[in-house]
Amino acid sequence: MATVRAGARPSMADVGRAAGVSAQTVSRYFSGNGYVGEETRRRVADAVESLGYRQNRAAGSLRARHSGVIGVLTVGELVHGSAQILTGLSHAARDLDQMLMISQVDVGFEGDGWQREVARAVDHFLSAPVDGIIVSASIPGVDEALDAARRLVPVVNLSERPRQSTGTVSTHSFTAGLEGTRHLLGLGHRAVLHVAGPASRNEAAERERGYRAAMEEAGLPPVVLGEARDWSSIGGAAAAERVEPGTFTAVFASNDEIALGFLSVMERRGLVAPRDFSIVGVDDMPVAAFFSPPLTTMRLDFQGVGRTTLEMLHAMIRSGEEPARRIIEPELVVRESAAPRAQGG
């Protein structure tokens, strides 16, 4: 338990040190404005009683109820999805009169070495201070690293594989894999292979899981090509170099860029879609409509994810309650790259 100098009046910072929380959290405890967890509330109450603290209401009335600043932590490279999520967050922040403090921890696709940088970013957010934190990460383990911050401010996690069912938002990559593969099966294809994304990313694992589920329900063996080390076209190109023509009639690619790499190399090898094979991607990047041929894909509303996340956190800050998990479902966009299987194909 923290001590106070003899004859001195205990301060809010003294209460925070005694309770193991920030002075900002103690302020929220007294004002009732903002999120304070039940366990934290009990610790603050015990510290207040032990120290004999009395709130200086005159000083408190001079401070704003909220800072109006939201911390946004992204862990991983900036690709189409993460960039669009940031755009959605920015639009919602403007509408709700909030400011974003953004920190990006750029880690390799091996998914390691991020822990120290994440801790530094969170410490910076809390000292700023921010009213809450949004974390967008596609690698395992980041959710657990935010536990300490959750005791101080509301946190919303963007994750395909969340640890908890509240206070989280995500796209649904499993459904993207399932429905994208089902579309190809519905066109009569039976030899459908999957060009997977980087194994270290949650989204890639979920899309592969959806593909496998669709193949299993059709009674067909899955064939997965795991060449990709990142989300770029290089992985799709490497898979196309390795696959034998005639062993497949359709491809489900983990994202649009991987699909582009596969299409490009197969064309060089003399096979073009949809004459010789069909292909479906994921994301619906703006350029997907201008591929040759235009790409059938599972559209993911990343901007909608960003907007929903900011709105959820904004509500948490004001109510102190964690809402249920929100999932933004994908949508099939049909273009010319996928066609019915040719007779005898």
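The values are calculated or read from the model by the stated rules, or taken from the named source; none is laboratory data. The structure presented is a predicted model; accordingly, all values stated were derived computationally and were not measured. Glycine gets a Cβ as well: all are built from the backbone with ideal geometry, and neighbour counts include every protein chain shown. Note: accessible area is taken over every heavy atom of the protein model, side chains too, but ligands, DNA and RNA are not part of it. Shrake-Rupley method; radii C 1.70, N 1.55, O 1.52, S 1.80 Å.
Here are a few things to note about the model shown:
- Scan the range 179-204 for residues that are part of a helix (DSSP H, G or I) and either open to solvent by 30 Å² or more (accessible area, probe 1.4 Å) or within 14 Å of Ala338 (Cβ to Cβ) (or both) and the total you get is 9.
- Just one of (1) out of contact with any Lys or Arg (no Cβ under 6 Å at 6 or more places or on another chain); (2) among the β-branched types (Val, Ile, Thr); (3) open to solvent by less than 20 Å² (accessible area, probe 1.4 Å) fails for Val169. It is (1).
- Residues being in contact with a strand residue (DSSP E or B) (Cβ under 8 Å, 6 or more places away or on another chain) and open to solvent by 10 Å² or more (accessible area, probe 1.4 Å) - total across the range 229-246: 2
- The residues of the range 123-144 that are part of a loop (DSSP other than H, G, I, E, B) and either crowded, with 24+ Cβ neighbours inside 10 Å or of a type in the set (D, E, K, R) (or both), listed by number, are Val130, Asp131, Ser138.
- Within the range 205-228, tally of residues that are modelled with pLDDT under 95, among the small types (Gly, Ala, Ser) and surrounded by 19 or more Cβ atoms within 10 Å (Cβ to Cβ): 2
- Matching residues, the range 80-108, being open to solvent by 50 Å² or more (accessible area, probe 1.4 Å) and either touching a residue at least 40 places away in the same chain (Cβ under 8 Å) or assigned to a helix (DSSP H, G or I) (or both): Gln84, Ser90, His91, Arg94, Asp95, Leu96
- Options Pro274, Pro245; residue that is modelled with pLDDT of 95 or more and over 30 Å from the mean Cα position of the chain (by Cα): Pro274
- Against the list (1) touching a Phe, Trp or Tyr at 6+ places or on another chain (Cβ under 7 Å); (2) modelled with pLDDT of 80 or more; (3) closer than 28 Å to Arg94 by Cα, the condition Val36 fails is (2).
- Extreme residue, modelled with the highest pLDDT, among residues of the range 147-165 that are closer than 27 Å to Gly177 by Cβ and open to solvent by less than 40 Å² (accessible area, probe 1.4 Å): Val156
- Filtered residue count, the range 292-345, keeping only those that are basic (Lys, Arg) and under 30 Å from Phe248 (Cβ atoms): 3
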